Amino acid sequence: MVLTALLVFLLQSMPLQQPDVAEEIRRRVELLREGSTLVLAGEAIGHAARLPGLYESRAFAPLWTDAGAVADLVRAIREVEADGLDPRDYHIAALESLAVTPRTAAAAAEADLLRSDALARLAHDLHFGRVDPGSLQQSWHIPGRPDTLATGVLQAIVSAGRLYSAIEAQRPSHFIYLGMRRALASYRAIAARGGWQMLPAGPALQIDSIGARVAQLRRRLAVEGDLASADTMSAVFDGTLAAAVRLFQHRHALNEDGVVGAATLRELNVPIETRIDQIRINLERARWVLGDLTDTFVAVNVAGQRAYFVKDRNVVWETRVITGKTYTRTPVFSAPMRYIVLNPTWTVPPGIVGEVLSAIRRDPGYLRKNGMRVLDAAGRAVNPSSVDFARSARSFPYTFRQDAGPANPLGSIKFVFPNDYNVYLHDTPARTLFEREDRTFSHGCIRVQDPLRLGELILSDQLGWTRAELEAAVATGQTRTVNLVTPIPTLVLYWTASTDLHGEVHFYRDVYERDARLLRALEGG
């Protein structure tokens, strides 16, 4: 009995022969090739299409022969919570339960494959995102990035001896992503300390308001750092508190009037758990696009209803914009900005022709009053008296075009990044709408509050124009196309949370109600 136990111990202590492990790996890889579902240590393999090539390229030899690499993998998976991801999605429990040196060739093969699958999942999700954005929304039109995680790259990551650093390098290094990781840690720490209390409803709070709700407001603003903790004792609404309210309003895309009305109260009472989820959701959105982003680009945040010009990784211009209504939503896409049009004409998009026809039927002088012409399919002007405006928009054979001028809805300048959705950035004569907190008023295009400043920044950099030269060209009233020397990447995105260059956290309303679906997908499969 003792001899038998000793023999078993000696056999288990003997190093496994690599050919035996390779053969066990080969058997399982062939199952993957045949389309079988492979379950190892109770965990389903997720990257079945990637693993066969990885092991076939190395004659099925085991990859995870270094204990340090195994430890680095487990450490990286544990820390992925900082990216808003869940370690359980990367086999963490099974990996931590595996023996460092499996006792059988079959166990060694399964451990090797499971570690490789965890690495493939982790590297992919950090680099590209866990969720396929195209599967969530039909309005997503940003091309997928090239797959840089080929089997050779995965093998090199493990073999380089610096696995942890190599995994770290897969996540975006952009300041927005790094800022949101810090924000996630900060808001989780706030939650661990108990979060914040809801403010009760009541009259608007403003300068000279007094009472318990003012004291509660002070404590609420101090939790996120909008108000210094030393200023939380008073029950009087003073200038210091008004400044803190304006900072909070700035971070939540509210009108910065320093008054706690209904909209500001609503944002103050969003639970800490919701804010944490918002950051996690938008870390995922950041992984979709930030990995290969250039240092200079124009970006529009449809949810935040703001536009930005980033040059050499510095935000040099930011302004309010007006975006699509909920039933004419601005799509999410990217395209290079190629030219700028001064004093543009406006060709009525097909989706709006019906509105113009209705206006003409109500007022026969509508076309003349608005400087609009009727064009045939060849672009030739047609006498309006010969046109049947009673026809439906679907069967109407003509195009409406409005001349440049004060009534033109594109204003004095538009920025064109050719795309299939007929969306661009442009000026507008309807300036008062920019004062609204909710600015979803357009048919999909993006109206810009300060477009001449953007034009100045771009044209001074590319063509040496001064602001005076730009204004003089606009003042002529003549339509002019200015081609850019270097196209500028332009991204139209949808983010409900972000951070600026200084790490300040900003939250935006989910105007198209997309967050819940993404959160379910992020936490699902």
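Every residue, every condition in (1) in the same structural domain as Gln155 (by TED's automatic domain parsing); (2) without any contact (Cβ under 8 Å) to a residue 40 or more places away in the chain; (3) exposed (fewer than 15 other Cβ atoms within 10 Å of the Cβ); (4) out of contact with any strand residue (DSSP E or B) (no Cβ under 9 Å at 6 or more places or on another chain), yes or no:
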{"position": "Ala67", "(1), (2), (3), (4)": "yes, yes, yes, yes"}
{"position": "Ala71", "(1), (2), (3), (4)": "yes, yes, yes, yes"}
{"position": "Arg78", "(1), (2), (3), (4)": "yes, yes, yes, yes"}
{"position": "Asp83", "(1), (2), (3), (4)": "yes, no, no, yes"}
{"position": "His91", "(1), (2), (3), (4)": "yes, no, no, no"}
{"position": "Leu98", "(1), (2), (3), (4)": "yes, no, no, yes"}
{"position": "Arg130", "(1), (2), (3), (4)": "yes, no, no, yes"}
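Mind checking whether some residue in the stretch 442-465 is of a type in the set (Lys, Arg), under 22 Å from the mean Cα position of the chain (by Cα), surrounded by 13 or more Cβ atoms within 10 Å (Cβ to Cβ) and within 24 Å of Pro406 (Cα to Cα)?
Yes, because at least one residue in the stretch 442-465 is of a type in the set (Lys, Arg), under 22 Å from the mean Cα position of the chain (by Cα), surrounded by 13 or more Cβ atoms within 10 Å (Cβ to Cβ) and within 24 Å of Pro406 (Cα to Cα).
Scanning the stretch 234-285 for residues that are of a type in the set (S, T, N, Q) and either under 23 Å from the mean Cα position of the chain (by Cα) or farther than 24 Å from Thr432 by Cβ (or both) yields Ser234, Thr240, Gln249, Asn269, Thr274, Gln278, Asn282.
Which one is farthest from Thr274 (Cα to Cα), of the residues in the stretch 192-223 that are free of Cβ contacts under 8 Å to residues at least 12 places away in the same chain and more than 33 Å from the chain's Cα centre (by Cα)? Within the stretch 192-223, the match that is farthest from Thr274 (Cα to Cα) is Pro203. Scanning the stretch 327-347 for residues that are over 30 Å from Arg285 (Cα atoms) and crowded, with 16+ Cβ neighbours inside 10 Å yields Val341, Leu342, Asn343, Pro344, Thr345, Trp346. Would a scan of the stretch 429-440 turn up a residue that is within 30 Å of Gln249 (Cβ to Cβ), of a type outside the set (Lys, Arg), assigned to a loop (DSSP other than H, G, I, E, B) and over 22 Å from the mean Cα position of the chain (by Cα)? Yes - at least one qualifying residue is present in the stretch 429-440. Taking the stretch 244-262 as the range and being crowded, with 16+ Cβ neighbours inside 10 Å and either of a type in the set (Gly, Ala, Ser) or on the phi > 0 side of the Ramachandran plot (or both) as the test, the residues that pass are Ala244, Ala253, Gly258. The number of residues in the stretch 333-391 that are closer than 20 Å to Ser442 by Cα and aromatic (Phe, Trp, Tyr) comes to 2. Of everything in the stretch 224-240 that is part of a helix (DSSP H, G or I) and touching a helix residue (DSSP H, G or I) at 6+ places or on another chain (Cβ under 6 Å), the residue that is nearest to Arg275 (Cα to Cα) is Ser229. Condition check for Gly444 on (1) assigned to a helix (DSSP H, G or I); (2) over 19 Å from Val315 (Cβ atoms); (3) among the small types (Gly, Ala, Ser): one failure, at (1). Checked against the criterion of being of a type in the set (A, V, I, L, M) and in a strand (DSSP E or B), the stretch 395-411 contains not a single residue that satisfies it. What tally of residues in the stretch 223-242 results from selecting those that are loosely packed, with under 14 Cβ neighbours inside 10 Å and small (Gly, Ala, Ser)? The qualifying residues number 5. Of all residues in the stretch 324-374, those that are assigned to a strand (DSSP E or B) and without any contact (Cβ under 8 Å) to a residue 40 or more places away in the chain total 3. Residue by residue through the stretch 371-384, note down the ones that are modelled with pLDDT under 90 and surrounded by fewer than 10 Cβ atoms within 10 Å (Cβ to Cβ). Ala377, Ala378, Gly379, listed by residue number. Checking the stretch 489-497 against the condition returns no match, with no residue being in contact with a helix residue (DSSP H, G or I) (Cβ under 7 Å, 6 or more places away or on another chain), of a type in the set (S, T, N, Q), farther than 20 Å from Ser334 by Cβ and buried (at least 21 other Cβ atoms within 10 Å of the Cβ). Of everything listed in (1) at pLDDT 95 or above; (2) closer than 30 Å to Ala185 by Cβ, the single unmet condition for Leu452 is (2).
On the given criteria, is Ala393 farther than 30 Å from Tyr177 by Cβ and modelled with pLDDT under 90?
Yes, satisfied.
Against the condition surrounded by fewer than 15 Cβ atoms within 10 Å (Cβ to Cβ) and at pLDDT 90 or above, how does Ala185 come out, does it pass? Here the answer is yes, as Ala185 does meet what is asked. The one condition from (1) closer than 29 Å to Tyr494 by Cα; (2) modelled with pLDDT of 70 or more; (3) polar (S, T, N, Q) that Ser165 does not meet is (1).
Close contacts from the stretch 250-267, counting a first residue that is in a loop (DSSP other than H, G, I, E, B) and a second that is of a type in the set (Ser, Thr, Tyr) and surrounded by 20 or more Cβ atoms within 10 Å (Cβ to Cβ), with Cβ to Cβ under 8 Å and a gap of 6+ residues or different chains, come to His252/Thr264; His252/Tyr508; Ala253/Tyr508; Leu254/Thr264.
The values are calculated or read from the model by the stated rules, or taken from the named source; none is laboratory data. Everything numeric here is computed off the predicted structure, so don't read it as measured data. Backbone-built Cβ (ideal geometry, glycine too); neighbour counts: all protein chains shown.
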